[in-house]
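S.K.: Handing you a structure now.
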Amino acid sequence: MGRGTYTDIPRHLNAAMRIVRLRLLDRPWSLRRPFDRLAVESVLYQIFLVATGSWSNPCQMDDHFDDKFWLEAEQLLAKSNLYPGRSISFNSPVIGVPLALFRVVLSLKRIYQNPEQFDQETMEALRSEVEEWEGVVLSEGELDSPDEHQNCHPGIYRDAGYLYILVSSLLMDQISVGHWAPGAPRVAPPDSWQLKKAKEILRGRQDDPEWSRCFIGNWPVYSLGFFLEEDDIDLIRRDMHNRWMAVKFSQISRFRDDLEVTWAARGYGFDASVYSKSLAMVTPSSVRRTWMDLQD
Amino acid sequence: MSATPRPVVVDETTAVATTNLCFLSAATAHRQLCDDLEPIIKRHFAQNYYQLLILPNCSEEFFYGWIADIQKLMVQYKSLKFSVLACGASHLHFVDASSMMQELSLTYYSNSIKGLSELLGGELSELENDNGVLMSVMLLYLHGVSVSC
């Protein structure tokens with residue numbers, strides 16, 4: 001079955017973008033109905049996922065990114081809080097963290113994958129934006145206002161937001177020192193403040209079923225996996241495994257496969273308690289998924 | 001006088017009809033199976049899969065509003081009904097390791113695309129005023145993200 005309908009996503013996404021533009025962006029008013037906001041957020045999140053794609057196979061990145069659409073949709077969301085005075089998380093059915101973080105990550109990933117897009121002025125603007133977000137993490141600041149409506153602990157949103165910031169900061173560090181090449185990010189120093197904080201978050205959420213069920217952390221946990229040394233990757237393996245068991249979404253197994261291939265290429269071993277030798281040799285995703293099911 | 005067995009003359013028309021009957025029976029059985037499974041798959045979509053698509057701390061209006069709209073509009077939009085069934089069946093495939101659900105999911109997925117093509121050949125005003133098409137398309141890309149086989 002291969003990658004199934006995964007490769008159809010850009011086609012459906014383009015159709016959704018056209019409808020959203022026709023119905024919502026080309027109109028003068030703000031969003032007034034909950035589903036309109038949900039649709040715009042869903043489409044933006046999907047653009048983010050398609051544009052960031054796979055770290056180890058980044059070739060399709062710029063084919064599917066429409067700057068104009070993103071900017072207009074972001075502006076529309078900014079003026080369309082359906083519940084004024086309430087938190088970002090209350091107003092946001094799909095994104096959940098400040099949307100600006102997505103834009104920062106997208107810009108950094110584009111530069112990381114296409115060094116020719118690097119220009120000093122853009123980099124400086126991006127650097128100061130990343131520094132502002134870093135300040136929030138370093139001061140243990142909040143990314144959202146408190147709200148009485150909580151189905152799950154708001155710390156989950158904050159930790160996911162922190163991970164987006166930490167991944168951005170690590171990417172910025174590697175770009176700044178010229179220590180990067182298109183493809184997956186390189187390993188970062190394990191004692192860097194970013195990785196110390198990220199590992200603290202992952203350890204804290206290790207046995208948290210709410211964290212595992214919530215897709216808000218899928219992408220940053222996956223991306224973080226590329227910066228870690230062999231000694232620390234079980235934190236990611238465990239997190240991905242818990243996510244898979246909680247939701248059974250194929251995105252998790254795709255992320256996991258991408259990480260495993262990269263880790264194997266770096267010479268990292270499979271943990272004997274997690275993988276048998278025979279399975280280390282056989283890597284079709286269906287076998288992986290079955291194996292992920294068996295582990296618990 | 002013993003009767004000489006006559007060679008059985010296979011009438012081409014009969015052979016084709018018989019073959020068609022077999023296909024028809026298989027197709028009818030398949031359709032019956034699909035009909036029987038539809039309520040189960042829809043229930044799985046509403047009770048298990050749908051909640052994984054929306055963040056937990058948002059207003060309940062997002063959560064209950066969308067599922068109510070889906071349930072209302074899927075009566076009118078075949079493509080939306082098939083998108084829902086495609087996602088539900090595929091997620092059931094992962095949850096229950098059922099290969100039949102995987103096959104069904106792809107059939108529903110293809111039916112949804114077919115339904116959308118027919119709709120898009122019609123009046124554009126539907127796109128502007130109704131959410132059925134947009135919801136169908138959203139569920140199709142979510143199929144690729146979350147439950148692609």
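The values are calculated or read from the model by the stated rules, or taken from the named source; none is laboratory data. Quick caveat, the model's predicted, so the values are computed rather than measured. Heads up, the Cβs are rebuilt from the backbone with ideal geometry, glycines too, and the neighbour counts pull from every protein chain shown.
S.K.: Quick check on my filter: what residues within region A:198-209 are in contact with a helix residue (DSSP H, G or I) (Cβ under 6 Å, 6 or more places away or on another chain) and in contact (Cβ under 8 Å) with a residue 40 or more places away in the chain?
M.R.: Once the filter is applied, which keeps residues that are in contact with a helix residue (DSSP H, G or I) (Cβ under 6 Å, 6 or more places away or on another chain) and in contact (Cβ under 8 Å) with a residue 40 or more places away in the chain, region A:198-209 yields A:ILE201, A:ARG205.
S.K.: Does region A:33-43 contain at least one residue that is surrounded by fewer than 17 Cβ atoms within 10 Å (Cβ to Cβ) and at the interface with another protein chain (Cβ under 10 Å from one of its Cβ atoms)? Outline the logic, then answer.
M.R.: Applying the first criterion (surrounded by fewer than 17 Cβ atoms within 10 Å (Cβ to Cβ)) to region A:33-43 yields A:33.
From what's left, at the interface with another protein chain (Cβ under 10 Å from one of its Cβ atoms): A:33.
Yes, the conditions are met somewhere in region A:33-43.
S.K.: What do you reckon, is A:TRP29 buried (at least 20 other Cβ atoms within 10 Å of the Cβ) and more than 12 Å from chain B (Cβ to nearest Cβ)? Spell out the reasoning first.
M.R.: Values: buried (at least 20 other Cβ atoms within 10 Å of the Cβ): no; more than 12 Å from chain B (Cβ to nearest Cβ): yes.
No, not satisfied.
S.K.: Within 12 Å of another protein chain (Cβ to nearest Cβ), on the phi < 0 side of the Ramachandran plot, at pLDDT below 90 and surrounded by 19 or more Cβ atoms within 10 Å (Cβ to Cβ): does that describe B:LEU127?
M.R.: yes
S.K.: Within the set of pairs 6 or more residues apart or between chains, which connect a residue that is without any contact (Cβ under 8 Å) to a residue 60 or more places away in the chain inside region A:166-183 to a residue that is assigned to a loop (DSSP other than H, G, I, E, B) and small (Gly, Ala, Ser) with Cβ atoms less than 8 Å apart?
M.R.: A:LEU170/A:ALA188; A:LEU170/A:SER192; A:ASP173/A:ALA188; A:ASP173/A:SER192
S.K.: Please verify whether A:ARG186 is of a type in the set (D, E, K, R), more than 14 Å from the chain's Cα centre (by Cα) and not in a loop (DSSP other than H, G, I, E, B), treating the condition exactly as stated.
M.R.: Values: of a type in the set (D, E, K, R): yes; more than 14 Å from the chain's Cα centre (by Cα): yes; not in a loop (DSSP other than H, G, I, E, B): no.
In short, no.
S.K.: Right, another one. What's the total number of residues in region A:141-159 that are surrounded by fewer than 18 Cβ atoms within 10 Å (Cβ to Cβ) and within 18 Å of the chain's Cα centre (by Cα)? Step through it out loud before you land on a result.
M.R.: From region A:141-159, those surrounded by fewer than 18 Cβ atoms within 10 Å (Cβ to Cβ) are A:141-142, A:145-151, A:153, A:155; that's our starting set.
With within 18 Å of the chain's Cα centre (by Cα) added as a condition, the list becomes A:155.
Qualifying residue count for the region: 1.
S.K.: On to the next question. Is it the case that A:ASN91 is more than 11 Å from chain B (Cβ to nearest Cβ) and over 15 Å from the mean Cα position of the chain (by Cα)? Walk me through it before giving the result.
M.R.: Values: more than 11 Å from chain B (Cβ to nearest Cβ): no; over 15 Å from the mean Cα position of the chain (by Cα): yes.
Taking the combined requirement at face value, the residue does not satisfy it.
S.K.: To continue, here is another question. If I filter region A:132-140 for residues that are under 30 Å from A:SER92 (Cα atoms), more than 14 Å from chain B (Cβ to nearest Cβ), part of a loop (DSSP other than H, G, I, E, B) and under 21 Å from the mean Cα position of the chain (by Cα), do I get at least one hit? Walk me through it before giving the result.
M.R.: First pass over region A:132-140, keeping only residues under 30 Å from A:SER92 (Cα atoms): A:132-140.
Going one step further and asking which of them are more than 14 Å from chain B (Cβ to nearest Cβ), we end up with A:132-140.
Still in the list and also part of a loop (DSSP other than H, G, I, E, B): A:139-140.
Now drop any that are not under 21 Å from the mean Cα position of the chain (by Cα), which leaves A:140.
Yes, because at least one residue in region A:132-140 is under 30 Å from A:SER92 (Cα atoms), more than 14 Å from chain B (Cβ to nearest Cβ), part of a loop (DSSP other than H, G, I, E, B) and under 21 Å from the mean Cα position of the chain (by Cα).
S.K.: Oh, and also: Which of the following residues is under 17 Å from A:ARG11 (Cβ atoms), of a type outside the set (A, V, I, L, M) and modelled with pLDDT under 90: B:SER112, B:SER117? Break it down into steps so the answer makes sense when it comes.
M.R.: Working: B:SER112 fails: modelled with pLDDT under 90.
Unique residue meeting the criteria: B:SER117.
S.K.: Would you check if there is a residue in region B:84-94 being surrounded by fewer than 24 Cβ atoms within 10 Å (Cβ to Cβ) and β-branched (Val, Ile, Thr)?
M.R.: Taking every residue of region B:84-94 in turn, none turns out to be surrounded by fewer than 24 Cβ atoms within 10 Å (Cβ to Cβ) and β-branched (Val, Ile, Thr).
S.K.: Quick one: in region B:44-65, which of the residues that are touching a residue at least 24 places away in the same chain (Cβ under 8 Å) and assigned to a helix (DSSP H, G or I) is nearest to A:GLU148 (Cα to Cα)? Lay out the reasoning, then the answer.
M.R.: Initially, region B:44-65 is screened for residues touching a residue at least 24 places away in the same chain (Cβ under 8 Å), giving B:44-46, B:48-49, B:52-53.
Add one more test, that the residue is assigned to a helix (DSSP H, G or I), and what stays is B:44-46, B:48-49, B:52.
On the way: B:HIS44: 30, B:PHE45: 29, B:ALA46: 26, B:ASN48: 26, B:TYR49: 26, B:LEU52: 22 Å.
Only one residue tops the list, namely B:LEU52.
S.K.: If you scan region A:197-234, which residues turn out to be over 18 Å from A:GLY155 (Cα atoms) and out of contact with any Gly (no Cβ under 8 Å at 6 or more places or on another chain)? Please lay out each step first, then the result.
M.R.: First, pick out the residues of region A:197-234 that are over 18 Å from A:GLY155 (Cα atoms): A:222-234.
Correct list: A:TYR222, A:SER223, A:LEU224, A:GLY225, A:PHE226, A:PHE227, A:LEU228, A:GLU229, A:ASP231, A:ASP232, A:ASP234.
S.K.: Something else about it: With the requirement that a residue be over 17 Å from the mean Cα position of the chain (by Cα), outside any helix (DSSP H, G or I) and closer than 22 Å to A:GLU260 by Cβ, what does region A:189-225 give you?
M.R.: Correct list: A:PRO190, A:GLN206.
S.K.: Looking at (1) surrounded by fewer than 21 Cβ atoms within 10 Å (Cβ to Cβ); (2) within 12 Å of another protein chain (Cβ to nearest Cβ); (3) small (Gly, Ala, Ser), can you tell me which one B:GLY121 breaks?
M.R.: Among (1) surrounded by fewer than 21 Cβ atoms within 10 Å (Cβ to Cβ); (2) within 12 Å of another protein chain (Cβ to nearest Cβ); (3) small (Gly, Ala, Ser), B:GLY121 violates only (2).
S.K.: Evaluate the following for A:ILE47: is it in a helix (DSSP H, G or I) and in contact (Cβ under 8 Å) with a residue 60 or more places away in the chain? Steps first, please.
M.R.: Working: in a helix (DSSP H, G or I): yes; in contact (Cβ under 8 Å) with a residue 60 or more places away in the chain: no.
No: the conditions fail for A:ILE47.
S.K.: Which residues, taken from region B:82-98, are more than 8 Å from every other protein chain (Cβ to nearest Cβ) and free of Cβ contacts under 8 Å to residues at least 24 places away in the same chain?
M.R.: Quick first cut of region B:82-98, residues more than 8 Å from every other protein chain (Cβ to nearest Cβ) only: B:82-90, B:92-93, B:96, B:98.
Matches in region B:82-98: B:ASP96, B:SER98.
S.K.: Would you check which residues across region A:25-35 are farther than 14 Å from A:LYS68 by Cα and modelled with pLDDT under 95 and list them?
M.R.: A:ARG27, A:PRO28, A:TRP29, A:SER30, A:LEU31, A:ARG32, A:ARG33
S.K.: Give me the pairs, please: first residue somewhere in region A:237-258 and without any contact (Cβ under 8 Å) to a residue 12 or more places away in the chain, second residue anywhere and crowded, with 23+ Cβ neighbours inside 10 Å and not in a helix (DSSP H, G or I), beta-carbon distance under 9 Å, and either six or more positions apart or on two chains.
M.R.: A:LYS248/B:VAL147
S.K.: To continue, here is another question. Suppose we keep only residues that are over 17 Å from A:ASN14 (Cβ atoms) and touching a helix residue (DSSP H, G or I) at 6+ places or on another chain (Cβ under 6 Å) within region A:53-76. Which one would you say is modelled with the highest pLDDT? Steps first, answer last, please.
M.R.: First, the residues of region A:53-76 that are over 17 Å from A:ASN14 (Cβ atoms): A:54-59, A:71, A:74-76.
Filter once more, so that each one left must be touching a helix residue (DSSP H, G or I) at 6+ places or on another chain (Cβ under 6 Å): A:54, A:56, A:58, A:74.
Working: A:SER54: 90, A:SER56: 86, A:PRO58: 72, A:GLU74: 94.
Filtering region A:53-76 for residues that are over 17 Å from A:ASN14 (Cβ atoms) and touching a helix residue (DSSP H, G or I) at 6+ places or on another chain (Cβ under 6 Å), the one modelled with the highest pLDDT comes out as A:GLU74.
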